[in-house]
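The values are calculated or read from the model by the stated rules, or taken from the named source; none is laboratory data. Note that this is a predicted model, so its numbers are computed, not measured. Side chains are part of the model used for accessible areas, which takes the heavy atoms of the whole protein and leaves out ligands, DNA and RNA. Shrake-Rupley method; radii C 1.70, N 1.55, O 1.52, S 1.80 Å.
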Amino acid sequence: MPRTSLALIAIALAPIQLASAQADETTYALEEVKPDLYRFVAGSYRSMVWVGDEEILLIDTLNTEAATWLKKELDRQFALPVRYVVYSHNHHDHAYGAEVFDAPNTVFVAHEMAAENLAMSGAQTILPDITFEDELALKLDGETLRLRYHGPNNGYGSVSMHFEDQDVMFVVDWALIGRMPYEDMKGYDIEGMIRSTKDILKLDWDMFVGGHADIGGREGVEHYLGYITQLYDGVRNGMIAGQSLETLQGELRLDAYSDLRNYEDWRAQNIAGVYRILEDRSYMLMRPEVVDPTTE
Ligand SMILES: [Zn+2]
């Protein structure tokens, strides 16, 4: 066989080996959800891109690899400068990678508590140029993205992001559609999740995009609010009655919400999380009227 044929065979085989080596890697996609508004999907993570006539606004760069893919895709499709990069909150798995978009005219935006925590904790991302306390409106082409702080709910300075002219609400981590809250709710404030979710349901929008899981309508968020409320009430009432964590994990079934993904795996962990939050933050087990669970 001549040398050239061998070389061709080697080239033909290479893509097969490459495909299997990449099987575990993150898959990326940019999906248009409303005119000029895109959901950036990076594995189980989601962020948002808003494309104006002359400039782009984006929320959450996630990490350097995801941000690099996104920048290339935005350059390819739109070739417009990025005017704003917004951080949904302080956690690294959403706020890293912003250096990929660092440019003289790009403005980085976060709630003041997210900004303070990124700075104090030495986070390796771009520190925000603009911060706010309660509310901030950012504009593209005369249309508005309104950022709102609802109090503590997850991490520091985690805000809702309301595309008012497109009727889209984007929230990261503290509200979800189609999936249970994550494992044992590390870093969450359950009362704040309930309060913040009630707050966004008072606002006018018809599409919800989560930083994880599904896109949906208002009924998806109402169903999620039902779940976190029943979870909280069930754990609180059980603790007051002196039930141990193990008893609660056995008896508090919450099966009206068994349609949520990870229900089987995470229900007991969600209960443990709320139990821990009530013990740590509300001193529930030290209250004089609460029955000692060890006497159960
Ligand atoms: Zn997250």
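Structure above, values below:
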item: Anisotropy class of the stretch 26-173 from Cα gyration tensor, a/c 1.5 cut; result: rounded
item: Subset of Lys34/Lys72; Lys34/Lys139; Lys34/Lys71; Lys72/Lys186 violating a 25 Å alpha-carbon distance limit; result: Lys72/Lys186
item: Accessible area per residue, Å², the chain with all protein chains present, probe 1.4 Å; result: 48 Å²
item: Exposure ranking of Lys198, Lys186 by accessible area [1.4 Å probe, largest first]; result: Lys186, Lys198
item: Contour minus Cα-Cα distance for Val107 and Asp214 (0.36 nm per residue); result: 35.6 nm
item: Heavy atoms of Thr64: accessible area, 1.4 Å probe, square angstrom to 10; result: 70 Å²
item: Karplus-derived 3J(HN,Hα), 6.51/-1.76/1.60, for each residue of the stretch 129-139, Hz, glycine and proline x; result: 8, 10, 10, 8, 9, 10, 8, 8, 9, 10, 10
item: Rounded, prolate or oblate (a/c below 1.5 giving rounded, otherwise prolate when a/b exceeds b/c) for the stretch 168-296 by Cα gyration tensor; result: prolate
item: Per principal axis, descending, Cα span of the stretch 29-102 in whole Å; result: 31, 24, 19
item: Expected 222 nm ellipticity per residue - DSSP helices of 4 or more, -39500 (n - 2.57), all of the chain, to 500; result: -11500 deg cm²/dmol
item: Global form of the stretch 243-296, assessed from the alpha-carbon gyration tensor, a/c cut-off 1.5; result: prolate
item: Difference of contour (0.36 nm per residue) and Cα-Cα distance, Glu143 to Val290; result: 47.7 nm
item: Length released on extending from Glu25 to Ser121, taking residue separation times 0.36 nm less the Cα-Cα span; result: 31.7 nm
item: Cα centroid separation - the stretch 35-91 against the stretch 279-296, whole Å; result: 46 Å
item: Surface accessible to a 1.4 Å probe, Leu30 within the full protein complex, Å²; result: 30 Å²
item: Per residue convex hull volume, Cα atoms of the chain, in Å³; result: 184 Å³
item: Accessible area of Trp69 in the full protein assembly, 1.4 Å probe (Å², nearest 10); result: 80 Å²
item: Portion, in percent, of the accessible area of the chain that falls on carbon or sulfur, probe 1.4 Å; result: 50 percent
item: Amide H contacts under 5 Å for Val82, placed H, 5+ residues apart; result: Ile56
item: Kirkwood-type radius of the stretch 86-170, with distances r between different C-alpha atoms, in Å; result: 13.2 Å
